[in-house]
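Trainee: Below is a structure I'd like to ask you about.
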Amino acid sequence: MKTSTQLLPGITFIGWLDSRKLPDHVALSGICGMTVAVLTDIHKVPFFDDPQCECTTKKDGAGYQDTATLKFLSDLQIPNNGFLAFVVTDVAGKSYLIGSKEPPLVIVEKNRQAGTPSGDPAGFYYEISHVSIKSMVPCII
């Protein structure tokens with residue numbers, strides 16, 4: 001099999017943090033099956049509707065490449081200083097880290113939505129993506 005996709009069953013928590021405060025080489029820890037300890041402040045992000053998080057693994061030459069994608073709608077404007085990472089917790093209580101201290105860094109796409117008069121939510125639609133050798137690393141928060 002050359003490609004596999006992991007979908008989180010339901011998201012109960014999303015938080016952002018400064019990726020410069022993460023341990024070195026979290027992707028390598030993830031490849032080894034180690035859980036990474038996130039020992040910095042995590043800022044909770046309120047979200048509407050059902051956020052989506054998936055990680056696709058593709059064969060890339062002699063190794064593999066992960067692409068993690070997190071999509072959600074929030075009323076919070078996340079500061080983007082270029083050094084962001086995200087923590088996502090699923091309904092089973094498992095947390096995953098998206099991002100790392102070293103490049104490639106997380107790409108944050110933000111779209112402001114005004115909503116409709118019929119009641120669609122207004123806010124910021126975020127699409128977070130990260131490509132690395134291991135992108136959704138299990139973590140302890």
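The values are calculated or read from the model by the stated rules, or taken from the named source; none is laboratory data. Just so we're clear, the structure is a prediction, and the values are computed from it rather than from any experiment. Quick reminder, even Gly has a Cβ in these numbers, built from the backbone with ideal geometry, and neighbours come from all protein chains shown. Protein only, heavy atoms only, side chains kept; ligands, DNA and RNA dropped before computing areas. Shrake-Rupley method; radii C 1.70, N 1.55, O 1.52, S 1.80 Å.
Trainee: Quantify, in whole percent, the carbon and sulfur part of the accessible surface of the chain (1.4 Å probe; protein heavy atoms only).
Mentor: Looking at the chain in its full context, I get 53 percent from C and S.
Trainee: When the Karplus curve 6.51 cos²θ - 1.76 cosθ + 1.60 is applied with θ = phi - 60°, which whole-Hz ³J(HN,Hα) does each residue of region 70-86 get, with x for Gly and Pro?
Mentor: Values per residue, Gly and Pro as x: 10, 10, 7, 10, 9, 9, 9, 8, 7, x, 10, 9, x, 10, 10, 9, 10 Hz.
Trainee: Once label points are set 7 Å from the Cα along Cα→Cβ at both residue 60 and residue 12, what is their separation, rounded to one decimal in nm?
Mentor: Computed distance between label sites residue 60 and residue 12 equals 3.2 nm.
Trainee: Could you compute the FRET efficiency for residue 76 and residue 28, with r as their C-beta to C-beta distance and R0 at 30 Å, rounded to 0.05?
Mentor: E(calc), rounded to 0.05, equals 0.40.
Trainee: Could I have the simple spin-label model distance between residue 40 and residue 112, label points 7 Å from Cα toward Cβ, reported in nm to one decimal?
Mentor: About 2.7 nm separates the two model spin labels.
Trainee: Given charges of +1 on the Cβ of Lys and Arg and -1 on the Cβ of Asp and Glu, with all other atoms neutral, how large is the dipole of region 69-130 about its Cα centre, in debye to the nearest 20?
Mentor: Dipole of region 69-130, to the nearest 20 debye: 100 debye.
Trainee: Does a label point 7 Å from the Cα of residue 131, set along Cα-to-beta-carbon, have any residues of region 64-82 with amide nitrogen under 18 Å, and which are they?
Mentor: Under cut-off, by backbone N: 64-71.
Trainee: Given the DSSP H assignment, sum -39500 (n - 2.57) over each helix run of at least 4 residues in the chain and divide by its residue total; what's the result at 222 nm in deg cm²/dmol, nearest 500?
Mentor: Counting only the DSSP helices, I get -1000 deg cm²/dmol.
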